Amino acid sequence: MSTPESCDPEPGKLIPVVDHARCEAKRDCVEVCPYDVFEVRRIDDADFAALSWLGKLRSVVHGRRTAYTPRAADCHACGLCVTSCPERAIKLKRAG
Ligand code: SF4
């Protein structure tokens with residue numbers, strides 16, 4: 001995949017944060033990220049426990065799968081994941 005012009009040349013200043021209560025594991029973030037930051041997998045027990053009852057219900061309906069950011073330090077802040085997420089579940093936040 002080619003690198004978008006909006007990319008920051010230096011990685012890791014901003015990192016994507018996924019709202020697990022909103023994420024429906026549709027994988028758009030996995031598909032669009034030029035730096036392979038995301039993976040979609042089963043939600044961790046602690047993250048599931050932290051959800052509201054409505055969030056738990058949504059998670060179960062979607063197979064308890066959600067997006068994680070194992071390579072967040074590689075984020076170049078292009079914003080593609082933010083705009084591609086149909087559930088508006090991703091925000092970029094300053095790292096550290
Ligand atoms: S903003 Fe999102 S799509 Fe762009 S590099 Fe960072 S994690 Fe990947």
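Derivation of every value follows stated rules applied to the coordinates shown; laboratory data play no part. As the structure is a computational prediction, the values presented were derived from the model and not from experiment. With ideal geometry, Cβ positions are generated from the backbone for all residues, glycine too; neighbour counts draw on all protein chains shown.
Details
- Partner aspartates and glutamates for K13 [C-alpha distance under 18 Å; skip if fewer than 8 residues away on the same chain]: E5, D36, D74
- Computed over the stretch 14-94, Cα set: Rg, Dmax in Å: 12.0, 34
- Reachable lysines, given that their alpha-carbon falls under 30 Å from the alpha-carbon of K56 and they are not under 8 places away in the same chain: K26, K91, K93
- For H20, net neighbour charge (Lys/Arg +1, Asp/Glu -1) across residues whose Cβ lies under 13 Å away: +2
- Charge tally for S52 (other residues, Cβ to Cβ under 13 Å; Lys, Arg +1; Asp, Glu -1): +1.
- Among the GluC sites (Glu not before Pro) found in the stretch 1-31, those both in a DSSP coil and sparsely packed, with 11 or fewer other Cβ atoms within 10 Å of their Cβ, are E5.
- Near R65: Cβ cut-off under 10 Å, other residues only, Lys/Arg at +1 and Asp/Glu at -1. The net charge is +4.
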